[in-house]
Each structure stands twice: as structure tokens, then as C-alpha cells.
Amino acid sequence: MGNINKDNSLFMAKYSAFNPYRLREREMGFQSPIGSSDAMAKSLYCGMKPIASWDFERDKSPPTGGVFNLEFSPEGSLLVAACEKKSIQIFDPLTQEKIHSVTGAHSDCVNCVKFLDGRMFATCSDDTTIALWDVRNLKKKIRLLLGHSKWVKNIEFSVKDKLLVTSGLDGSIYTWDINSYTECNLLYQRVFHTSSLMRCRLSPDARQMVMCTTGGLIVIIHDLNLSTLSQDLHGFKPNLYRLMQMSQQLIPIAAMYDHLFDSSRKENRVEFVSDFPEGNDAEVVSALQIHPQGWSALSRNISHDDKSEWTCIHDIQSHVDASEKSTRDPEPVPRRAAPRRTRLRVYRMPRVNHSPTGGQVRRNFNMQRITGVNTGISPPTAPRPRPARNDEDTSTSPSTSGQTPSQDGAGPSDEDSASTAKHNIRQNKNRLLYYIEETNEGKGFIKELCYSADGRIVCSPFGRGMRLLALNNDCSELSSCVQEAGNARPMVEVGQSLGIHQDLVVSSKFSPRYHMLVTGCLEGKIVWYQPFSGESL
């Protein structure tokens, strides 16, 4: 075993990016052996060191507040930072110099930046608006998009449909046709709504939509068709369907949407992902990213007791088993001519009043603000259930701790229970591939992690610094180290840079073109990292 490890170490050093032997073999026309790409990637990523930094004091400019999001242009020639104090900062990534600043870009915190092409990008804000910008003229917005009713947190762009996709803490997902200018606004449509939405992402080919919630649930929509999504998912409540899964009690309102999960669906097929590592009682899935090839979803979650945070990688590829017996009983639900009404108990979240000023309570990513109204997070004290009136909406989701409301006097009869027992509620497949526990420093703030451009490395904010995580010690690609379902493995730390920032790191981004990484923190400092040839393997 020792000889194998020694040989592997010699091979990795021989084909590292800094070894002239590799370049000489390439110039002589020799083909690279299997594993040489892993050796080069490992030498580059393991040697990443901070090379430069920027903060508002450097340019004697107004304070920016926290850097909530970092985004490179598609060719990697521009870097845009979305800042807490209503501004966006634009940099040249290669010189690390600021080339433009837009103060007052929005009337509240700027949360996210998304490039639509090499010159046009969009920003969203807590002021409930989305703005379109042209890098050639940043003196004014191209358009201001109005539609959301609460803070807008996420922007995606469907290259396939040429549609902008936005989501916010109002629970709504909107699509915007950027080519259909009207007098006042773009043509837009609300395609989905769920009360506990946190993030919404699209795969690179826009064939999948992935959502994460404040109830410890990841929702995948396979074979995405944005033009029919609103009709296909009309009335569908993920929280209510998840409640039916956990309680193992048939809820007719939820069961009527069972067809959305059928493998025979050609478009907009729904799948739930709810498996997490042992010891990780995931409650709030706060950050979400998609693999550059669309193979997996990278997420960070906060446990139910708020004492731990975890980074997880789940498989999201659209593969369907030949038989669905492992996920549900094919026996149909017995139909009745006139089913009796079942009174459902629902949990109602008490409204929480938060001070609009002072300390972390006013921070944009403070979970205390997020856990207010219309998110589905259960407060620390368990709310009392109360019966719902017949004319009242019963779609409100309870806490996802697994507790089911009792049916005192209004529950199903013995006949109903018997028929329900014959029907196995559809269960979710195991999708977890890799995981690692994170530091819980900075409770209440969302830390945006990211994939490298080749998908080999994950950058995870870690306190006042960051960690580089890989699937194995050789920094292999996901396709080279796939294991059986249900056999998740811990991720491997291959590099770190701690204590570089003076405050909590909340954003990170790899360049799409260069081996470059950027991180941003709550005090507004941005740090650049690049490979350092002096690092030994």
C-alpha cells in the first residue's frame, strides 16, 4: 500500500502544472497518460494563494457594506460585486483594479448579479426590483423590472428560451422576456410559487430547474419547459406533498398531484431530494449552485437546532429506474364517488416584528429577517395547531421536523385508514453523493459557495476565510469517482486560506476562464487568489 501511494505521489508531481517534464512531453507530441489532468488540476488548486485585495478605503470611496454576490462575465474579463449599501462595483480581474462604481444602483441591498451575455447583466435587490445594465453605459439602467412583492434574491438566465428567471422571498418565480419591450415593463409571467422558497437555479442547458427551501427540501424539475410550467404546476404545494410523505397519511389535496412525479412525463417532471448526511437534520437549505456540466447540485444547509452547517452534493441527473417499485406502490388509490371531507390541522407561523435598525438585525442575509413572514421556517417555540375553516387555505406548511398534527375527532375513519395503509406514499430516492460539515461561525448569514469552472473543486466560505474541497485527494472529476447510490462519502479538503478577511466571508466565485478565485466578506473586502508555483505537493 505504501508503494502505491509513493508511486501515485511521484506521478502527480511528474505531471503537475509546474513541472517542465509535462511541457516537454507535450511539445514532443506524446499523448498525456490517464490521470495527468488530475495531477495538473491538483497542483493548481492546492497551490492557490491570496495575491491581491480591495476595499473601499483603498480608493477612498463610500463604504460598500457586505459583498453579497460576485459574478464574472462569460469570458472572464469583468468582475461585478453586488454590495449591501445599494451599489455595484466593477473590476478588471487580471489587474485587480476597480474600473467603475455605480452608487445607488438600487434603493436597498443589491443581492445578485447575472450576466446575460458579454455586455449586458442584471441585478436584483431587496427593493423588490430587477435592473438591466449595459457595461458600455452604466450611467443609467436599461430597464427596471417590477413584479415581485418582496426581496428578490436570485437571477438566472435560460439560454434556451432567452428568458430571465428571478426568484425571491415572496416565494414566487418569474420569467421575463427580455426581447419583448413594452411601454412600462417587459412581458413576464409567474411560473411557480411556494411559501418556503430560498434559491432557484437552472442547469447550464436550462433543461432542469432546482429549488431549495427553508424546509430542508430540494426540488428538481426535469425536462424543464418554462412556457408550460405555470399550467403544469398550477396549485401544486411542495410543502403539503412533503408533509404527506413524512406523515405517511394520504392527503387527497396533495395526492392529486402525484402525476407530476411519474417517470412517463416528457416535460416538467418533479422530483424531491431530501436525503442528508447522518447527524445533519437539515432545516434551511440556504445556498445552492449547479455543477458546470449540470451533473449535481451543491448546497449548504443549516441544521434544525441551528448548531451545525453542512455542505452537500446531490446527483440531479435525469435518470429513471426501469421499475418504480422502490419508490412507490403501483396499486392505485381507491376512488370513491363522494369522499368525506377530512379536516386538516395546519400550523400557523406567528408574525415576528424585527427592529429595522441596529446591528445584525438589519443585515441583508440575517436569518432572523428571513424567518419572518411567508418563508415556512418554524420559530424556536413550537406553534400551536388550530383547525382550519372550510373556507380557509390549508396549504400552509408545518415544521418539517417530522411531527404530524393529531386528528382529534376530525380524522379519517377506520375505513379510510385501511385504504390508506394499502397505498404506499411515494418516497424520495437517495441522491446524496458527497458531504462535509462546516463551521457554524456567523449564524444567520448565508454563505454562497461555488464550483470551479471544471467542476473539480468547491470553494466554501469558512469563517473569515475559505476552504477548497475536492471529491478525493487527486481532485478528480465527478464522472471519475461516482459511487453507488446511498453510499455517500465525505469531501476532502485540499486547500485553505483562513483569516485573510476581517469579517465573515459570505460570497465566492471562480473565474470561468482563468485559474482564479475571488471571495467577499461582510466588511466589503474582496480578495483574489491564484496558483502559487512554490507550493509543494
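Tabulated values for the structure
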item	result
Members of Lys42/Lys114; Lys60/Lys509; Lys49/Lys447; Lys49/Lys509 lying beyond 18 Å, as alpha-carbon distances in this model show	Lys42/Lys114; Lys60/Lys509; Lys49/Lys447
Nearest-0.05 FRET efficiency for Ser247 and Asn472, computed from C-beta distance (R0 45 Å)	0.70
Low-density loop positions, trypsin sites (Lys or Arg not before Pro), segment 244-310 - DSSP coil, at most 11 other Cβ in 10 Å	Lys266, Lys307
Principal axis dimensions, segment 439-537 - Cα atoms, whole angstrom, descending	42, 34, 25
Separation of the Glu278 and Asn487 label points, Cα + 7 Å toward Cβ, nm	1.6
Qualifying GluC sites (Glu not before Pro) for segment 470-509 [loop in DSSP, other Cβ within 10 Å: at most 15]	Glu484
Extension gain (nm, one decimal) between His259 and Thr228, 0.36 nm per residue minus Cα-Cα	9.6 nm
Cα gyration tensor shape for segment 242-309, rounded if a/c is under 1.5, else prolate or oblate	oblate
Cα gyration tensor shape for segment 197-236, rounded if a/c is under 1.5, else prolate or oblate	oblate
Amide N proximity, segment 95-122 versus Lys150 label position 7 Å along Cα-to-Cβ, cut-off under 18 Å	108-112
Two-site FRET efficiency, Thr439 against Leu187, from Cβ-Cβ distance with R₀ of 51 Å, rounded to 0.05	0.70
Space enclosed by the convex hull of the alpha-carbon atoms of segment 132-191, per residue, Å³	101
R0 of 51 Å, Cβ-Cβ distance Ile99-Asn428: FRET efficiency to nearest 0.05	0.60
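Only the coordinates and a few stated rules stand behind these numbers; no lab work does. Remember, predicted model here, so these are calculated numbers, not experimental data. Cβ sites come from the backbone with ideal geometry, for glycine too, and all protein chains shown count toward neighbours.
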